[in-house]
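> Have a look at the structure that comes next, please.
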Amino acid sequence: MLSRDEKERIEAEAGRYPSRRAALSEALMIAQEARGWLGDEALADAARELGISSASAESVATFYELVYRLPVGEHVIQICDSVSCWIRDGESILDHLRERLGVELGGTTADGLFTLVPAGCLGLCEAAPAAMIDGEAYGGLTTEKLDAILDGIRGRKRGDAAQR
Ligand code: FES
């Protein structure tokens, strides 16, 4: 069930568009924010707020990479698997992540801290290889740079990410 605050925020988003349907991606993100992922019930509730069927919302959620339909870790690493990153050694970055985290794509570390997922082009091709971590873009990745980023995240207190 959506909170009053979530409903109000969805209404505010809906008011910004000529059609309520146009606010669906924002509504899904609002519903996901406090839960960390978007389960069936939260998806249906967000859709209902906009007068949209769950099936329609599901089809949008499926194609929207920032909507997580399964539980994820505290931090989500989206590693670009498109051509510019692949050409510029993105595969080595992915291999390093797999090894360091001990998970495959789609997996979450045993401590629940990181989830590793593939992403289409992140719009950072000139800075390939690239990744997005908790919605923040990182380009020019090397294994050393990535380690420093992950060490920094690991060093944060739990809950800090949600407050940024
Ligand atoms: S191909 Fe990776 S950011 Fe564009």
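Readers should treat all values here as calculations from the given coordinates under stated rules, not as data from a laboratory. Quick caveat: nothing in here was measured; it's all calculated off a predicted structure. All Cβ positions, glycine included, derive from the backbone under ideal geometry; neighbour counts span all protein chains shown.
> Considering only DSSP beta bridges with both partners in the range 75-163, what is the antiparallel share in %, to the nearest 5?
55
> Any cysteines in the chain with zero other Cys Cβ atoms under 4.7 Å from their Cβ? List them, or say none.
CYS121, CYS125
> With an 8 Å cut-off on Cα pairs and a minimum separation of 6 or more residues, tell me the relative contact order of the chain in percent.
It comes to 17 percent, rounded to a whole number.
> Where a ≥ b ≥ c are the square roots of the eigenvalues of the C-alpha gyration tensor, would you call the range 4-63 rounded, which needs a/c under 1.5, or, failing that, prolate if a/b is larger than b/c, or oblate?
oblate
> Nearest 5 percent is fine: what portion of the DSSP beta bridges confined to the chain is antiparallel?
Just about 55 percent of them are antiparallel.
> Running a GNM on the chain with Cα contacts under 10 Å, which residue among ALA27, ALA128, ALA148 ends up with the highest mean-square fluctuation?
Ranking ALA27, ALA128, ALA148 by mean-square fluctuation puts ALA148 first.
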